[in-house]
Amino acid sequence: MTVQTSAFDRAAGDVVLIVDDQPDNLSMLHDALDESGYTVLVATHGEGALQRAAQAQPDIVLLDAMMPGMDGFEVARRLKADPATAAIPIVFMTGLTETEHVLAAFAAGGVDYVTKPIRPREVLARLAAHVNNARQAHQARSALDAFGHATLVVRAGDGRLVWQTALARQMLQQWFGGDSPWTPPPLLDWVRQQVAAGAVGSASQAGSLVQGARRLHFTLHESTGEDEWLIVLREANDAAMLEGMMLAFKLTAREAEVLYWVVKGKTNRDVGDILGASAATVKKHLERVYEKLGVETRTAAAALAIQRVRQLGR
């Protein structure tokens, strides 16, 4: 058996990383895959698998579940936790067919599993299907990245971020902090509500989060796989509108925020929830806004604010 090192010709075929501590399994799988046109890389332990995957970016990983030291489940979890390798499909090889082990394989990020003793023809059929799906997904992700879309795929059941474009990753970091492989709870809760209600695509109700003048909108699109959902993010920032209202009406920053949300049709209680204040405090701010604008009602304040902002825009 010829074991390939870090240098390989990707043009020779789709790249498969086999991870197994048993030489006989490696030899049999290597020969079968090589004859079928795959470029084959191998690793005999968990740490080696993580290094090879990060360096070579294989099209798929064929992973032994039970290995000494770091087992296959932990290898899969670490691959999925790293944005650089998270999108690589993982097919488990296991002699453990009990339900709990099969579930553990999928929970760790596997897309499929084959049982030992290995049957090469079965493995080839499984790999071909998953490599084709992965290639199509990669092309779609590349296109979304190229056009600057903030898009991600969420697994609703366990909350894993299956993949995300560079802009989506940046937005999630800005809004939620860190670079976790798990969907932020507010976004995951909304996804689960939409899925449970059957609201997908045009039927989906856009969700949003608010930080001052910044808003993060998200829309649920089609399913990309079993329990996996495509989410599109969009960020809006009305800082210029707030600044315009402050200058036009000589408002404080907080008064401008209150007026901004009144224009959006929010009640005092809603505004309080958004700004982290009581409804009574919002009412006091609003009374000062009325005085500065020379009006007596919410409707009049909102109408005057909209008129002035439009004038500033022109």
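The values are calculated or read from the model by the stated rules, or taken from the named source; none is laboratory data. Keep in mind that what you see is a predicted model, and the values were worked out from it rather than measured. All Cβ positions, even for glycine, are placed from backbone atoms using ideal geometry, and neighbour counts span all protein chains on display. The area values use the complete protein model at the heavy-atom level, side chains included, leaving out ligands, DNA and RNA. Shrake-Rupley method; radii C 1.70, N 1.55, O 1.52, S 1.80 Å.
As a calculated quantity, the FRET efficiency between residue 182 and residue 281 at R0 = 22 Å, using C-beta atoms, amounts to about 0.05. With the simple model of a label 7 Å out from the Cα in the direction of the Cβ, residue 54 to residue 27 spans 3.2 nm.
For the chain, find the longest principal axis of its Cα atoms and tell me its angle to the long axis of helix 185-197, 0 to 90°, nearest 10. For helix 185-197, the angle is close to 80 degrees.
Using the 1.4 Å probe convention, the accessible area of the chain works out to 50 Å² per residue with neighbouring protein chains retained. Along its first, second and third principal axes, ordered by size, the chain spans 86, 39, 34 Å in Cα coordinates.
Taking Lys and Arg as +1 and Asp and Glu as -1, the other residues whose beta-carbon sits under 15 Å from that of residue 32 total -3. Eigen-decomposition of the gyration tensor built on the alpha-carbon atoms of the stretch 17-134 gives equivalent ellipsoid semi-axes of 18, 17, 14 angstrom, largest listed first. Summing Lys and Arg as +1 and Asp and Glu as -1 over all other residues whose Cβ lies under 12 Å from the Cβ of residue 235 gives a net charge of +2.
Spin-label model, residue 226 to residue 303: label points 7 Å out along the Cα-to-beta-carbon direction sit 5.9 nm apart. Of the solvent-accessible surface of the stretch 229-314, computed with a 1.4 Å probe and all protein chains present, 52% belongs to carbon and sulfur. Calculate, for residue 129 and residue 206, the FRET efficiency according to 1/(1 + (r/R0)^6) with r their C-beta to C-beta distance and R0 30 Å; round to the nearest 0.05. According to the calculation, E is roughly 0.30.
Here the stretch 266-314 was treated as a single set of alpha-carbon atoms; its pair distances binned every 5 Å from 0 give 5, 22, 23, 22, 19, 8, 2, 0 percent.
Converting the Cα gyration tensor eigenvalues of the stretch 170-303 into ellipsoid dimensions via √(5λ) gives semi-axes, longest first, of 35, 16, 13 Å.
With the whole protein complex present, residue 45 retains an accessible surface near 90 Å², based on a 1.4 Å probe.
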